[in-house]
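The values are calculated or read from the model by the stated rules, or taken from the named source; none is laboratory data. Small disclaimer: the values here were computed from a predicted structure and weren't measured. As a convention, Cβ positions derive from the backbone with ideal geometry for all residues, glycine included, and neighbour counts pool all protein chains shown. With ligands, DNA and RNA removed, areas are computed over all heavy atoms of the protein, side chains included. Shrake-Rupley method; radii C 1.70, N 1.55, O 1.52, S 1.80 Å.
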Amino acid sequence: MSPLRAIGRPLLASMFIAGGLDSIRNPEAVAPAAEPVVRPVADRIQALPDRTEQIVRLNGAVQVAAGVLLGLGRMPRLSALALAATLVPTTAAGHRFWETEDPSDRARQRVHFLKNLSMLGGLLIAADDTGGAPSLVWRGRHAADSLRRDVRLVRRSVRAGARPAATVGRIGARLPG
């Protein structure tokens, strides 16, 4: 792992671990703000708990688990995607600056909203980061290109060998036997 990844992943994960622990310990603090976002989702997805506090705790648990994995560099792409998935409803519920009347509170919420968008961008980059190794898509394309080259080479070799063989065959057919 490169030094930048070794430093960057824990730094990116730290906010999610701290926020997730807070959501697990004290879901009542954010449940009222989360309600407008959680309720429509929970009504559509039957597997989710009924109470908003439970969903806030679940979201916090995912953030802690994925944050620790990302910070340790274990399954970093999957953990970054999990964190991104938890960040979207968290941002939509917690930083609705467009609904705030007070100008100073609106500015503060807008800053937090944009901070979360920046973190989402970082998570998406981390989810795409292969750690310097080629991705599975690149490996597949590279293998297919290599196979096409090999097929062309075999085809040329067969054609190149077939002409002299045909010539020798014609000459051999004319010779008495």
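Rounded to the nearest 0.05, the FRET efficiency derived from the C-beta distance between R51 and D128 at R0 = 30 Å is 0.25.
Using only alpha carbon pairs under 8 Å that are at least six residues apart, calculate the relative contact order of segment 72-177 and give it in whole percent. For segment 72-177, the relative contact order is 29 percent.
Summing charges over all other residues whose Cβ lies under 12 Å from the Cβ of A93, with Lys and Arg as +1 and Asp and Glu as -1, gives 0.
Per atom type, the chain shows carbon and sulfur on 64% of its accessible surface, probed at 1.4 Å.
Using a cutoff of 8 angstrom between alpha carbon atoms and counting only pairs six or more residues apart, the relative contact order for segment 45-102 works out to 24 percent.
Net length available on complete extension from S104 to A18 is 28.4 nm, with 0.36 nm assigned per residue and the Cα-Cα distance removed.
According to the calculation over all Cα-Cα pairs in the chain, the P(r) per 10 Å bin from zero is 9, 25, 22, 13, 8, 6, 6, 5, 4, 2, 0 %. The residues neighbouring D105, those whose beta-carbon lies less than 14 Å from its own, together hold a net charge of +1 under the Lys/Arg +1, Asp/Glu -1 convention. Here the contact order of the chain, divided by its residue count and restricted to Cα pairs under 8 Å and six or more residues apart, works out to 21 percent.
Label zone (R96, point 7 Å along Cα-to-C-beta; backbone nitrogen cut-off 12 Å) within segment 11-36: 32-36. With θ taken as phi - 60° and the Karplus curve 6.51 cos²θ - 1.76 cosθ + 1.60 applied, the whole-hertz 3J(HN,Hα) list for segment 9-21 is 4, x, 5, 5, 6, 4, 5, 6, 5, 5, x, x, 4 Hz, x standing for glycine and proline.
Solvent exposure of segment 1-70 amounts to 59 Å² per residue of accessible area, where only protein heavy atoms count and the probe is 1.4 Å.
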